[in-house]
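Before any comments, here is the structure.
The values are calculated or read from the model by the stated rules, or taken from the named source; none is laboratory data. Not measured: the values here are computed from a predicted model. Reconstructed Cβ throughout: ideal geometry from the backbone, glycine too, with neighbour counts over all protein chains shown. In case anyone asks, the SASA skips ligands and DNA or RNA and just uses the protein heavy atoms, side chains included. Shrake-Rupley method; radii C 1.70, N 1.55, O 1.52, S 1.80 Å.
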Amino acid sequence: MSEINIGLGNTDTETRRDAESDFVTFWGKQAKNLFWFSTWEKILDWNPPFAKWFVGGTINASYNTLDIHQQDKADKPAILWEGENGESRILTYKEMWIKVQKFTNILKSLGVKKGDRITIYLPMIPELPISMLACARIGAIHTVIFSGFSATSIRDRIDDSKSKIVITADGGYRRGNVIKLKEVIDEAIKDLDFVQNVIVVERAKNKINLSSKDMFWNELMNDVSDTCVAEKLDSSHPLYILYTSGTTGKPKGVLHGTGGYLTHLYSTFKWAFDIRDSDVFFCTADIGWVTGHSYVVYDPLLHGATQVMYEGAPDFPDASRMWEIIQKYHVTIFYTTPTTLRMFMKFGDSLPNSFDLSTLRLLGSVGEPINPEVWKWYFKVIGKEKCPIIDTWWQTETGGMMISALPGLETIPLKPGSGTRPIPGLDVSVVDESGNDVPENTKGFLVIKNPWPGMLLTLWGDDKKYRDVYWSKYKNCYYPGDYALKDADGYFWLLGRADDVLKVSGHRIGTAELESCIVSHSDVAESAVCGVSDEIKGEAIIAFVVLKQNVIKDHIILEKELLIKIRNDIGAIATPKQIYFVTKLPKTRSGKIMRRLLKAMSSNETIGDVSTLEDGTAVSEIQSVFDEIQKSIQKSN
Ligand code: WT7
């Protein structure tokens, strides 16, 4: 792969050297960039797999994102908000600060205390970061749910976190339609008596049903004090829970702390984005996902940056929306996903070429592997060959970026499709099944061998699962569940999930969760789902379904029923592209579905050893389905 020698001219060799000599002291030095009410006694208390960063230090995320800017940046825009329908709002650091203090006082008046959980189900409007920062101000733990999830998914999350307040909106805009969020919440909490209040932001002004629990945001904000002192919280005090799909069962609550998390964010924003006072940052992620938590809400505000926040679909009303926003707000740093880029690439170069994108100086990608040809298109057509591209690998669990080019720190050659190198302070390897380093250019499992400040504290209410999922495959190593290879220059290439998690348009979908949803349909006996490569989404879901004996229903009707069920139980993001009704699934003699086979067949790889297979006809049946898919792909090309 050809190299692209581009950088911003930064050469800070000291940071890497410090980190290599002693990563603990190194992170202690980085933490000093934040405001601490009291400093720590110990940088790291590492009791594997539990890390406590900056023990004894007290800090507040809301204070570090708002109060600290009131001297010199009070009138600087924090958020340049654009609604999908063309509305716009500008919120300065001072306005954000006042609104957050007011809303914190409202939460307090409703009896919210440190450690309480608050569920937030809002569209991408400024009230979303305001709510999060208000929670953080008093140490309430926010749990934001992506506005595309269904009532059942929300119910499970609210029930798991036992949130006593839910914040939502009457509606939100998506592709010109109003998504009725309040209706979904009404359905989700109907039997959850512990939910005391629902605070409703009026965004779409659509009709909603009101109950005695409901209160309106604006009415509450009209009559409340605008000063509220930020609580001095322990560095490890939980900041938020974010639910994410895994290999088993229901989504798990990733729990992040405060001091370590903010330190990780502060440093990565500086190193990766080379953030400057004059920048206009634009990250297209929804705040319902971790990228939005870290790189829309907390990190830009920690740095006192100005950012664009956009409410709706990236291609609404048409595929020039992002380019129009970049031109309109003079965006300098743009951070998006490969799926979004693949979609734009399909529309050709003339659309982006008809906008002035000359303010851009740095481009980022996140969430899934970026194909080299998409990388090159991004570099050439959007960045006009002058903007470095950072391909940032990380996860909900890692809190912030882990592998990325860092133009704010150093100038190194870029290779399209490689995340380049780990951030300073990390010991990352690629290993085989037994944990031995694999030779260079060999595919293996990515592992992280030491703790880092942004790492999750645990899984909400489940320390055992935390240990089992991330720290049991390899002793004292964090296992992210990704394949990778390291080349001769020490560059990492991330090669997709190694476990039973799919990445559809960059969103994580657990196969087990989806299968158990399908199997809960009364006509279904068994199911197996897997990913097939998709030109735009990266991966698309296909599902194999074995029906119960004597089911004579039409497959078209059954397919419809299953699709509705999946949308209702999980959400539209989990919708399979295709459902195949088969008579058997490939299983081992002990009855486990051999997903490895489904995966291999779906990517046209050789099937390998099938001697443990219970019934060889299942393989040939499924192989013929894949052959059909392959044929239809070839036909359409
Ligand atoms: C999984 C984490 C990163 C925050 C948003 C997604 C995949 C993420 C990359 C990348 C290749 C990537 C991995 C990872 N992934 N970024 N730059 N190149 N793969 O967070 O939903 O927790 O998903 O996304 O498979 O494990 P997430």
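Just a few scattered comments:
- The stretch 417-470 and the stretch 1-70 have Cα centres spaced 19 Å apart.
- Over the Cα atoms of the stretch 505-636, the radius of gyration divided by the Kirkwood radius equals 0.95; this is the Rg/Rh ratio.
- Anisotropy class of the stretch 134-176 from Cα gyration tensor, a/c 1.5 cut: oblate
- Listed by chain and number, the aspartates and glutamates whose alpha-carbon sits under 17 Å from that of Lys465, ignoring those within fewer than 8 places in the same chain, are Asp160, Glu397, Asp499, Asp500, Glu513.
- By accessible area, using a 1.4 Å probe on protein heavy atoms only, the chain has 49% of its surface on carbon and sulfur.
- Note on the stretch 283-382: Rg/Rh from C-alpha atoms, Kirkwood Rh, equals 0.94.
- Rolling a 1.4 Å probe over the heavy atoms of the protein chains gives the chain an accessible area of 39 Å² per residue.
- Shape category assigned to the stretch 391-458 from the gyration tensor of Cα positions, a/c cut at 1.5: oblate
- In the chain, the C-alpha radius of gyration followed by the widest Cα-Cα span (Dmax) gives 24.2, 73 angstrom.
- Shown here for the stretch 1-97: chymotrypsin sites (Phe, Trp or Tyr not before Pro) in loop regions (DSSP other than H, G, I, E, B) with at most 16 other Cβ atoms within 10 Å, namely Phe35, Phe37.
- P(r) weight above 16 Å for the stretch 462-556, C-alpha pairs, percent: 69
- Shape call, the stretch 323-397: gyration tensor on alpha carbons, a/c limit 1.5: prolate
- For the stretch 367-378, Karplus couplings with θ = phi - 60° (6.51, -1.76, 1.60), whole Hz, Gly/Pro x: x, 6, x, 9, 5, x, 5, 6, 3, 5, 4, 4
- Put the Cα centre of the stretch 497-562 next to the Cα centre of the stretch 86-128 and the gap is 38 Å.
- Considering all C-alpha pairs of the stretch 1-115, those separated by over 21 Å amount to 65%.
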